[in-house]
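Quick notes on the structure that follows.
The values are calculated or read from the model by the stated rules, or taken from the named source; none is laboratory data. Model, not experiment: these values are computed from the prediction. Cβ sites come from the backbone with ideal geometry, for glycine too, and all protein chains shown count toward neighbours. We work out accessible area using only protein heavy atoms, side chains counted, and drop any ligands, DNA or RNA first. Shrake-Rupley method; radii C 1.70, N 1.55, O 1.52, S 1.80 Å.
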Amino acid sequence: MQARVYKSTGSWYQIKDELGNNYNARIKGILKIDEITSTNPVAVGDLVEIELESEDGQSAMITDVVERRNYINRQSPKTKHQHHIVAANLDQSVLIATLKEPRTSQGFIDRFLVASEAYHVPPVVLFNKSDLYKKKEMTVLEEWEEMYNQAGYKVLLCSVKEMKGLEELEQILKDKITLFSGHSGVGKSTLINYLFPDLKLRTKDVSEWSGKGLHTTTFAEMFDLPFGGSIIDTPGMREFGLVDITRQELSHYFPEMRNLLQDCQFNNCLHLEEPGCAIKKALAEGRMNVDRYISYCKILDSIEEKQY
């Protein structure tokens, strides 16, 4: 019998079968899955094989995990060298960002996009709380929207307060499994409460002193949308640690660079100082966005530190 994992609280999992029955489940012994050294062998979104355990049919044993279509992982919060699988079997990911209270950095967005590319999960960037944006923020928004559109990404502007962009968001989410992600304080819970009026997730004000936002979610959890599809809510993340991506591969995860790579003189070109670099040529000719290139260089630097 197969079921989908909706929530994990450490050793117990909340799962739902094809008929919509819910069970509490735990893992039978040690599951060896692929060659992934992750801190969590079973993740939200996983399809699992189960055996019912109790007479009342409320609890089950997970005996196997069906091969994943894809997954997103990040560095385990506890140990730098292990991964934590955030979610599995995704159709898309929505990164919720804000340009005010708190402001999401371009670096954070670009790291998320790189991870989504690397794990083959199509991303959407959603700028939330647009009711707070003044002229300064709207100028940044226009620049970033153009920059991400050029790279092939969909950008959405939303405000629950002004009921703005919400219909378009519902269209994007309908009948898909979507990862919802973003810093604490970007209004993720408010958006989820709008999509699921019965849920009443806790929302917290952005902590004034740090402007970083407080954690209100601690475990990833999946919710079925009333109009079809599901979202997976993830704990607010301060840092999206990129795992398993080498310096050599990084440019492959910038779509606007990927299309030019075959024109570089050297096939191991890192697009820094090498002669005959197609990326540097595109930059000089204004065919590549400078801010995205700077972002690439910063991420490249951060990979170097981990590997040498």
Amide H of R69 versus every other amide H placed in the peptide plane: which residues, excluding those fewer than 5 positions away on the same chain, fall under 5 Å? N89
Work through the residues other than R258 whose Cβ is under 13 Å from its Cβ and net out their charges, Lys, Arg +1 and Asp, Glu -1. -3
To the nearest 10 square angstrom, what accessible area does R287 show with a 1.4 Å probe? 130 Å²
Approximate spin-label separation N149-E51, in nm, with each point projected 7 Å along Cα-to-Cβ: 5.7 nm
Within the set K161/K188; K7/K164; K129/K164; K7/K176; K129/K174; K188/K298, which residue pairs have Cα atoms separated by over 20 Å? K7/K164; K129/K174; K188/K298
